[in-house]
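The next block holds one structure in the form of structure tokens; read it before the comments.
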Amino acid sequence: MPIATQAITGDDKLSSLNLDYLLVRQTSKTLIENLSAEDCSLQAEAFVSPAKWHLAHTTWFFETFILLNSVTGYQAFNSAFQVLFNSYYNGIGEQFPRPKRHLLSRPSLNEVLKYRAHVDSAMMALSLSQQELLKDLIQLGLHHEQQHQELLLMDIKYSFFQNPIFPVMSDKPNWTNIESVGSMKFIPYSGGLKKIGAGSENEFCFDNETPAHQVFLENHALADRLVNNGEYLKFVESGGYEEPSFWLSDGWSELQKPACKKLPLYWQVIEGKWFEYTLHGLKPLDLNGPVCHINFYEANAYAQWAGCRLPTEAEWEVAAQSQAIPETREVGLWHAYGLDDQAPLSQLYSECWQWTQSAYQPYPGFKAPVGAVGEYNGKFMCNQMVLRGGCRLTPKQHIRSSYRNFFYPQDQWPMAGLRLAKDQDK
């Protein structure tokens with residue numbers, strides 16, 4: 001996409017890091033092109049955030065961890081933003097309450113965009129020597145912003161879904177219905193001592209992907225594709241949500257809550273027909289498409305109903321290591337991955353994230369970075385579950401076998417589905 005570098009830098013020669021910076025920052029603005037200022041202020045629940053807040057918080061990261069710490073004479077755009085747009089960094093100071101982010105009508109969206117321009121100008125003014133010294137932090141900030149680009153889309157989808165007119169964010173469909181799908185096959189994988197995690201050969205990784213280490217796996221098999229809507233509908237219609245033997249105790253407790261609809265989040269029944277809400281509006285349910293927006297408890301219950309289990313994150317990663325990452329194709333505001341992939345496991349990085357049975361814990365030897373930036377991942381390694389792969393909203397720079405996503409087991413709003421696994425005899 002075209003980027004007006006001259007307006008920001010006044011320099012014909014840009015470093016590769018500057019180019020990366022401009023591309024990531026421009027992408028965030030592109031995501032809101034079809035949104036109004038009112039849209040960008042929506043926060044339907046405490047677990048999602050307004051698009052405006054995402055735009056400001058990612059800017060706060062660069063200002064707080066780089067400009068205020070390392071650039072002599074830098075003037076903060078607005079000192080109040082240090083509190084308003086601090087997400088969870090206790091080492092930095094106070095944070096505005098997350099459930100009340102929708103109350104921040106001021107600063108306006110226009111003011112937030114001015115804030116971004118102010119910080120961008122200062123970042124682009126860094127000398128090459130400053131960039132080299134700060135390279136790791138700048139790269140972390142860029143990947144942090146890409147994480148928030150994905151979250152922004154999932155968040156606005158959830159907030160739009162509360163509107164009975166089912167708003168359309170993009171009128172450019174990013175996929176067509178799958179005409180047919182073969183019966184699910186299970187691909188066997190041998191056990192033994194395997195290596196997982198990111199090592200020094202990786203250009204970038206988050207700290208929670210390290211250190212690389214060995215794990216022991218038993219013989220197992222993984223489904224060659226994701227569970228689809230038609231298969232999940234059979235689970236629903238057969239009373240899967242009513243049978244406690246399929247459910248973990250906490251999952252069964254979630255089902256008893258009055259607000260629980262006992263369906264994937266965006267499924268709707270209208271005049272006896274099934275529909276699914278998407279960023280392109282309400283669409284007839286594609287029975288061959290992968291089921292999406294289910295929580296860990298639902299994924300685990302379906303696996304039990306199907307006589308299978310969820311894979312461990314190590315099983316998933318070892319299998320993914322043996323397959324090349326497919327080429328991407330641009331589809332509107334996001335990308336699709338490997339839709340025609342003929343490798344043993346299809347949909348590894350496309351469609352939706354895949355729940356695993358692995359709790360989100362530190363790898364052996366993990367050490368969080370010193371200082372407030374060490375709060376990025378380490379302090380969340382409790383009470384959450386690991387997801388692997390990617391979804392249609394995932395930036396392509398985050399597609400790799402070692403990437404560890406994580407959410408709470410009750411979360412439905414992430415774009416998450418499931419792949420089945422089985423134990424194999426030795």
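The values are calculated or read from the model by the stated rules, or taken from the named source; none is laboratory data. Everything numeric in this text was worked out from a predicted model, so none of it was measured. Here the Cβ positions follow ideal geometry from the backbone for every residue, glycine too, while neighbour counts run over all protein chains shown. Only protein heavy atoms, including side chains, enter the accessible area calculation; ligands, DNA and RNA are left aside. Shrake-Rupley method; radii C 1.70, N 1.55, O 1.52, S 1.80 Å.
When the residues of the range 125-154 are filtered to those that are among the polar types (S, T, N, Q) and part of a helix (DSSP H, G or I), the one that is surrounded by the fewest Cβ atoms within 10 Å (Cβ to Cβ) is Ser129.
Does Gln342 count as over 21 Å from Asp136 (Cα atoms) and assigned to a loop (DSSP other than H, G, I, E, B)? Steps first, please.
Working: over 21 Å from Asp136 (Cα atoms): yes; assigned to a loop (DSSP other than H, G, I, E, B): yes.
Spelling it out, Gln342 is indeed over 21 Å from Asp136 (Cα atoms) and assigned to a loop (DSSP other than H, G, I, E, B).
Contact map, the range 399-415: first residue more than 18 Å from Gln347 (Cβ to Cβ) and of a type in the set (A, V, I, L, M, F, W, C), second residue part of a loop (DSSP other than H, G, I, E, B) and at pLDDT below 95, Cβ cut-off under 9 Å, separation 6 or more or different chains; pairs are Phe406/Asn377; Phe406/Met381.
The test for being surrounded by fewer than 17 Cβ atoms within 10 Å (Cβ to Cβ) and in a loop (DSSP other than H, G, I, E, B) holds for Pro164. Can you confirm whether the range 163-171 contains a residue that is at pLDDT below 95 and of a type outside the set (A, V, I, L, M, F, W, C)? Yes, the range 163-171 contains at least one residue that is at pLDDT below 95 and of a type outside the set (A, V, I, L, M, F, W, C). Mind checking whether some residue in the range 116-123 is closer than 30 Å to Asp171 by Cα, at pLDDT 95 or above and in a helix (DSSP H, G or I)? Within the range 116-123 (the criterion being closer than 30 Å to Asp171 by Cα, at pLDDT 95 or above and in a helix (DSSP H, G or I)), the answer is yes, since at least one residue qualifies.
Every condition in (1) buried (at least 19 other Cβ atoms within 10 Å of the Cβ); (2) out of contact with any strand residue (DSSP E or B) (no Cβ under 9 Å at 6 or more places or on another chain); (3) charged (D, E, K, R) is met by Glu271 except one, and the failing one is (1).
Only one of Met184, Met154, Met169 is touching an Asp or Glu at 6+ places or on another chain (Cβ under 7 Å) and closer than 27 Å to Gln412 by Cα. Can you tell me which? Don't jump to the end; show me each part of the working.
Details: Met154 fails: touching an Asp or Glu at 6+ places or on another chain (Cβ under 7 Å); Met169 fails: touching an Asp or Glu at 6+ places or on another chain (Cβ under 7 Å).
Answer to the check: Met184.
Glu313: open to solvent by 10 Å² or more (accessible area, probe 1.4 Å), acidic (Asp, Glu) and modelled with pLDDT of 95 or more, yes or no? Steps first, answer last, please.
Working: open to solvent by 10 Å² or more (accessible area, probe 1.4 Å): yes; acidic (Asp, Glu): yes; modelled with pLDDT of 95 or more: yes.
Spelling it out, Glu313 is indeed open to solvent by 10 Å² or more (accessible area, probe 1.4 Å), acidic (Asp, Glu) and modelled with pLDDT of 95 or more.
Taking residues in the range 179-190 that are farther than 19 Å from Asn288 by Cβ, and partners anywhere that are modelled with pLDDT of 95 or more and assigned to a loop (DSSP other than H, G, I, E, B), the pairs with Cβ atoms closer than 6 Å and at least 6 places apart or on different chains are Ile187/Asp224; Ser190/Asn219. Restrict the check to the range 188-210 and report whether at least one residue is open to solvent by less than 30 Å² (accessible area, probe 1.4 Å), more than 30 Å from Leu282 (Cβ to Cβ), at pLDDT 95 or above and touching a Pro at 6+ places or on another chain (Cβ under 7 Å). Yes, some residue in the range 188-210 is open to solvent by less than 30 Å² (accessible area, probe 1.4 Å), more than 30 Å from Leu282 (Cβ to Cβ), at pLDDT 95 or above and touching a Pro at 6+ places or on another chain (Cβ under 7 Å). All of Phe96, Phe77, Phe47 fail the test of being free of Cβ contacts under 8 Å to residues at least 40 places away in the same chain, at negative phi, not acidic (Asp, Glu) and not in a helix (DSSP H, G or I), apart from Phe96. Scanning the range 92-124 for residues that are closer than 15 Å to Thr59 by Cβ and open to solvent by 80 Å² or more (accessible area, probe 1.4 Å) returns Asn110, Lys114.
Among the numbered conditions (1) open to solvent by less than 40 Å² (accessible area, probe 1.4 Å); (2) modelled with pLDDT of 95 or more; (3) outside any strand (DSSP E or B), the only one that Glu276 does not meet is (3).
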